[in-house]
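Structure first, then comments.
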Amino acid sequence: MKVIAALACLVLFAPISIQAKKEPRHDGKVQQQGQGRFLKAAGVQGEQEKIDPTKEADIRHLQEVMGGDQLAAQVLEELAKNMKPMLSSMLPPGDYRDKLIDLFIEKFRSKLDPHELMEIGVPLYDKYFSDEEIKGLVAFYATPLGKKTLTVLPKLTGEANAAGSKLGEEIGRQSMIEVLNEHPELKKAIEEAGKPKQDH
């Protein structure tokens, strides 16, 4: 699940602004209703009330400059690409597997609410960046290099996580082989544990 976690972090720190562009911001109960299950799960619900209004406006402007709709499509595509092989390696082989994985990814995508993901990003940007730094990010992402960074970053992160997962699996496999060769009693214990138990 490290791939999912990493890409989810990317979504949070490159927040999505599809709904922000379409829906006006409201105060009170309406705004609180927009902070749904993801905000509760992330433990950031209610933190937005403490943000300076000017800074919050700058953060939301940053989200718009970062081109949330296109970025969201890239992130979801990279997420789906990396989830398929990961799930295939986790599930036992069988005719059912491809259908199950496709249905899972479809269901997963259907539960992603761009507005909630965007709202999670607001208090996090407030926590880690000053208003001056937010303005600096806005200026950077408006440059050609900033725009390229937004286009490349989801692909880069997805490929890095995929390569890291493969590297981790190979190192883990080699480490287990070496430990079992160094401790034959453990290797024997595993073999014994794998044998079917006979009734007496």
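Brief remarks follow.
- Exposure proxy order (Cβ contacts within 10 Å, fewest to most) of 61, 183: 183, 61
- Inter-probe distance in nm under a simple model that places probes 7 Å from Cα toward Cβ, at residue 107 and residue 178: 4.0
- Entries of 99/155; 81/166; 127/147; 81/147; 84/155; 111/135 with Cα pairs more than 21 Å apart: 99/155; 127/147; 81/147; 111/135
No value in this document is a laboratory result; all are computed from the given coordinates. Just so it is clear, the model here is predicted, and its values are computed rather than measured. Backbone-built Cβ (ideal geometry, glycine too); neighbour counts: all protein chains shown.
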